[in-house]
1. PRE reach from I10 (point 7 Å along Cα→Cβ): which of region 30-50 fall under 19 Å by backbone N?
2. Please list 3J(HN,Hα) in residue order for region 74-82, calculated via the Karplus relation 6.51 cos²θ - 1.76 cosθ + 1.60 where θ = phi - 60°; whole Hz, with x for glycine and proline.
Amino acid sequence: MKTKPNKRDIEIELLQQKQAKQGLSGEEKDMLITKLSQRLDFLDEQFRLAQHKRFASQNEAHPGQDDLFNEVEDIAEFEREQADSEEKQPTQKKKRTLCCSYCP
């Protein structure tokens, strides 16, 4: 992936070309080393951030998603509610109404 060269990259390239042609003075060498180390630090940080973004754990949770796979809990809760409702129902038998006086 090529990007548009910025001012710092152009300065580094010019210093390297001058070094190849005629050599640099001590001050220019120090400046080149400083710029190259700054560039290296910048690229290291960009690489680290890209790796973190690519491989870091991601939170893909959405609202309401926590209830999506609680089927076992839902079944257990439903069975508990049924058991409670069966205990609460009265066990009295219904009285049978007679349709006439001859029926037992």
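Coordinate-derived values only; no laboratory data. What you are looking at is a predicted structure, and each value in this text was computed from that prediction instead of being measured. Counting neighbours? That spans all protein chains shown, and the Cβs are built from the backbone with ideal geometry, glycine included.
1. 32, 35-36, 39
2. Karplus values, whole Hz, x for Gly and Pro: 5, 5, 5, 5, 4, 5, 4, 5, 5.
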